[in-house]
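Let me begin by presenting the structure, written as structure tokens, before commenting on it.
The values are calculated or read from the model by the stated rules, or taken from the named source; none is laboratory data. Computed from a predicted model, the values in this text were never measured in an experiment. We place every Cβ from the backbone using ideal geometry, glycine too, and count neighbours over all the protein chains shown. What goes into the accessible areas is simple: the full protein's heavy atoms, side chains included, and nothing from ligands, DNA or RNA. Shrake-Rupley method; radii C 1.70, N 1.55, O 1.52, S 1.80 Å.
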Amino acid sequence: MASRSLSRVFSALLEKLKYSEFSESDLRKIEEEFLLLLVENDVALEVAESLLHQLTSRLSQLKVPRLSDKEKTAYEELRRLLTEVFEKPPQLSIEKDLEKLADSYGRPLSVVFLGPNGHGKTTTVAKLAYRFSSKGYRVVIAAADTFRAGAIEQLRELAERAGAELVSMGYGADPAAVAYEAYMYSARRGADLLLVDTAGRMHTRKNLMEEMRKIVRVLSPRYRIFVGDALVGNDAVDQARKFFEEVGFDGSILTKFDADTKGGVALSIVYITSRPILYVGTGQRLQDLAEFDYRRYLEEILPSPY
Ligand SMILES: Nc1nc2c(ncn2[C@@H]2O[C@H](COP(=O)(O)OP(=O)(O)OP(=O)(O)O)[C@@H](O)[C@H]2O)c(=O)[nH]1
Ligand SMILES: [Mg+2]
């Protein structure tokens with residue numbers, strides 16, 4: 001299990017609450033004390049504020065006399081609050097959708113990947129291509145990053161290793177045109193899944209967002225997935241917020257989740273977007289991708305004291 005320093009902050013918070021009176025003034029002090037500690041562990045400020053406030057409001061209404069009961073109550077309230085964050089978003093599963101599509105004419109299922117440069121889009125596209133081609137699905141990848149030098153060669157090599165076909169129109173081509181061409185190709189070939197890799201950087205950020213919106217408009221993909229690097233902490237959260245506001249997306253994938261991240265990124269992104277995390281990247285190899293299990297993640301950031 002990955003070690004997450006956020007778990008130490010939550011443990012300290014519960015310890016503080018255990019010895020508090022659950023009075024207004026006690027609880028306000030604890031809120032103040034823990035706000036910064038949460039932010040330092042990659043919980044976005046608004047998320048930290050809101051969670052602490054909800055927790056203390058709840059506890060202030062309770063009359064819990066005994067020490068052991070206090071500890072248990074505080075843990076259970078916090079656990080319930082965190083669980084709600086992950087149970088609120090709509091459930092979404094590429095695996096289940098592909099199983100359904102296998103007996104219908106609705107193919108191919110198309111997915112566009114969005115995210116800042118270097119956070120792991122291309123690697124993640126290849127990992128998903130590998131995952132589904134290994135299960136017998138026909139996978140096509142669209143090389144819609146026509147901007148960054150070397151992007152197409154990187155993707156060609158990865159696609160080959162992943163057992164997927166690549167559709168490319170070369171550098172400088174209109175990314176939306178590449179996505180559309182790849183869709184037509186996939187439909188003709190009876191492919192099951194189309195994965196569209198996009199650029200993380202263009203001449204300007206405005207350009208990038210416009211380009212992403214255009215791809216989405218032209219393709220109407222089933223899913224738009226944000227890919228963020230968990231290791232960069234709050235920067236990944238800020239980027240998710242920007243992409244969510246300016247393009248919109250249906251779910252996220254967090255890369256480098258295997259590393260010793262502090263722990264607050266997954267919580268923050270799901271809280272802010274109300275969209276689920278589908279997978280996490282756990283290494284650089286094609287097979288290093290796992291379905292995101294929020295219960296397991298909650299165990300990591302808030303271990304049960306019992
Ligand atoms: N350890 C680890 N490394 C990863 C993971 N995902 C991606 N990487 C590495 O992160 C680096 C950047 O990944 P890319 O997939 O090229 O990132 P990108 O988002 O496509 O970047 P641009 O094409 O520049 O927009 C590569 O060195 C990957 O091997 C992961 O889950 N774990
Ligand atoms: Mg890339």
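Numerical summary
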item: By accessible area with a 1.4 Å probe, ligands and nucleic acids excluded, highest first: order of 275, 79; result: 275, 79
item: Segment 163-168 - phi-based ³J(HN,Hα) in whole Hz, Karplus 6.51/-1.76/1.60, Gly and Pro as x; result: x, 10, 8, 10, 10, 9
item: Accessible area of residue 76 in the full protein assembly, 1.4 Å probe (Å², nearest 10); result: 90
item: Surrounding net charge for residue 38, when Lys and Arg each add one and Asp and Glu each subtract one, Cβ distance under 14 Å; result: -3
item: DSSP-defined antiparallel bridges as percent of all bridges, segment 94-301, nearest 5; result: 10
item: Efficiency of FRET between residue 287 and residue 148 - r from beta-carbon atoms, R0 22 angstrom, step 0.05; result: 0.30
item: Karplus (6.51, -1.76, 1.60) ³J(HN,Hα), θ = phi - 60°, over segment 4-18, in Hz, Gly and Pro reported as x; result: 10, 5, 4, 5, 5, 5, 5, 4, 5, 4, 5, 5, 4, 5, 4
item: Carbon plus sulfur fraction of accessible area for segment 94-301, probe 1.4 Å, in percent; result: 46
item: Under the Debye formula (equal points on every Cα, no solvent term), log10 I(q)/I(0) of the chain at q = 0.12, 0.14 Å⁻¹; result: -0.78, -0.97
item: Contour minus Cα-Cα distance for residue 60 and residue 296 (0.36 nm per residue); result: 82.0 nm
item: Residues residue 99 and residue 242, FRET efficiency given R0 of 30 Å [Cβ-Cβ distance, rounded to 0.05]; result: 0.35
item: Sequence of 209, 184 from largest to smallest accessible area, 1.4 Å probe; result: 184, 209
item: Cα-based radius of gyration of segment 6-87 once divided by 2.2 N^0.38 Å, which approximates compact folds; result: 1.01
item: Whole-number accessible area per residue in Å² for the chain, which is evaluated in the context of all protein chains at 1.4 Å; result: 45
item: Heavy-atom accessible area ranking, 1.4 Å probe, most first, across 296, 138, 188; result: 188, 296, 138
item: Backbone HN-Hα couplings from phi across segment 82-89 [Karplus 6.51/-1.76/1.60, Hz, Gly and Pro as x]; result: 5, 4, 4, 4, 8, 8, 6, x
item: Under 26 Å from the Cα of residue 214 - lysines, other chains or at least 8 residues apart; result: 121, 127, 206, 242
item: Long-range Cα-Cα pairs in segment 233-299 (distance over 13 Å), rounded percent; result: 63
item: Alpha carbon centroid spacing (whole Å) that separates segment 1-73 from segment 219-274; result: 25
item: Label-to-label distance, nm, for residues given as residue 189 and residue 160 (7 Å Cα→Cβ offset); result: 1.5
